[in-house]
Amino acid sequence: MSEILREKYGEKGDEVYALSRAFFRRNSRAVSLYPGVLEALKHISRKARLAVVTASKREDAVRLLCINCILDYFSTIVAQEDTRYHKPDPEPVLLALSRLSVTPGGGAVMVGDQPWDIIAAREAGVVSVAALWGGAGIEDELYMYRPDYTARDPAELVEIFERLMQA
């Protein structure tokens, strides 16, 4: 992540990164789950092993998962420090698949709310689902990357998951 900020902000990139990390640490308790996410995690985790694939540092990801009491739903976390390349490169997705003992094309599904999630899923050979909830305002951009499925809310994600399990 700091490399991206250095590209964008030059010499100030490292400072921007440090400030953003400090801001996150001060405000992370205010981050909460979108309505329906906990229910979706409970349902899907009964039938599949789940992983987090994030460009965030592990300690930040674990902190958010713990604050929201959902860490135990995930079998593994692939974080910034685990791979040389980050999404949209497929390397972190492929590492998560390896840790879950799943082969690309072996029924894995990646849910993401950013274009690089959809790209990484496609490049790794897994089904992509664009999560459209949360109001990031980039629905049109997500559609441009042609996800395999779109879910307007977590309940719709569960429906997609159920259809894929039956296929």
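The values are calculated or read from the model by the stated rules, or taken from the named source; none is laboratory data. Nothing here was measured: the structure is a model prediction, and the numbers come from that model. Glycine also receives a Cβ, built like all others from the backbone with ideal geometry; neighbour counts cover every protein chain displayed. Ligands, DNA and RNA are excluded from the accessible area calculation, which covers all protein heavy atoms including side chains. Shrake-Rupley method; radii C 1.70, N 1.55, O 1.52, S 1.80 Å.
So S56 ticks every box in (1) loosely packed, with under 13 Cβ neighbours inside 10 Å; (2) under 23 Å from V109 (Cα atoms) but one. Which box is left unticked?
So the condition that S56 fails would be (1).
Among A51, A55, which is at pLDDT below 95 and either aromatic (F, W, Y) or within 13 Å of the chain's Cα centre (by Cα) (or both)? Don't jump to the end; show me each part of the working.
On the way: A51 fails: at pLDDT below 95.
After applying the criteria, what remains is A55.
Could you figure out which of (1) part of a helix (DSSP H, G or I); (2) more than 24 Å from I160 (Cβ to Cβ) isn't true of P92?
Of (1) part of a helix (DSSP H, G or I); (2) more than 24 Å from I160 (Cβ to Cβ), only one is false for P92: (2).
Select from region 152-167 the residues that are part of a helix (DSSP H, G or I) and hydrophobic (A, V, I, L, M, F, W, C) and write down the one among them that is surrounded by the most Cβ atoms within 10 Å (Cβ to Cβ).
L157
How do the helices (runs of 4 or more DSSP H) wholly within region 8-87 filter down when requiring 3 or more residues that are within 27 Å of L164 (Cβ to Cβ): which remain?
37-45, 58-67
Considering only residues that are at pLDDT 95 or above, out of contact with any strand residue (DSSP E or B) (no Cβ under 9 Å at 6 or more places or on another chain) and either open to solvent by less than 70 Å² (accessible area, probe 1.4 Å) or closer than 19 Å to Y34 by Cα (or both), which ones fall in region 122-151?
G125
Counting just the residues of region 92-105 that are open to solvent by 20 Å² or more (accessible area, probe 1.4 Å) and farther than 19 Å from A130 by Cα, which one comes out modelled with the lowest pLDDT? Please lay out each step first, then the result.
Taking region 92-105 first, the residues open to solvent by 20 Å² or more (accessible area, probe 1.4 Å) are 94-95, 98-99, 101-105.
Filter once more, keeping what is farther than 19 Å from A130 by Cα: 95, 98-99, 101-103.
Values: L95: 98, S98: 97, R99: 98, S101: 95, V102: 95, T103: 92.
Per the stated criteria, the residue is T103.
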